[in-house]
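The values are calculated or read from the model by the stated rules, or taken from the named source; none is laboratory data. Model, not experiment: these values are computed from the prediction. Quick reminder, even Gly has a Cβ in these numbers, built from the backbone with ideal geometry, and neighbours come from all protein chains shown. Note: areas computed on protein heavy atoms with side chains; ligands, DNA, RNA excluded. Shrake-Rupley method; radii C 1.70, N 1.55, O 1.52, S 1.80 Å.
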Amino acid sequence: MTGPTVRVNTASPVPPYEQIRAQLATLIFSGRLPEGERLPTIRQLASDLALAAGTVARAYRERSTAENSAATSR
């Protein structure tokens with residue numbers, strides 16, 4: 001992922017994993033993150049955002065779960 005940037009507002013009441021998940025969903029839905037584009041590794045994004053790897057892993061997991069739910073409900 002070289003284009004769009006994901007940012008986390010640590011002062012926000014929204015948990016960081018949810019901020020990441022929501023931003024990724026928006027980037028995908030808007031087409032700014034093309035289908036098939038590889039996301040950064042968990043460790044890389046965690047390092048870039050100065051977050052724990054578990055936080056990014058949860059965001060990726062939640063994103064994946066949401067995608068699977070949407071696909072099954074069609």
* Simple spin-label model, 7 Å along Cα-to-Cβ: residue 11 to residue 57 in nm? -> 3.1
* Rolling a 1.4 angstrom probe over the protein heavy atoms, how many square angstrom per residue are accessible across the stretch 1-40? -> 69
* What is the diffusion coefficient of the stretch 1-50 in µm²/s, taking the Kirkwood radius over Cα pairs and the Stokes-Einstein relation at 20 °C with a viscosity of 1.002 mPa s? -> 186
* Between residue 65 and residue 44, take the C-beta separation as r, use R0 = 30 Å, and let me know the FRET efficiency to the nearest 0.05. => 0.90
* Asked: Just how large is the dipole of the stretch 1-65 about the Cα centre, in debye to the nearest 20, putting +1 at every Lys and Arg Cβ and -1 at every Asp and Glu Cβ?
  -> 80
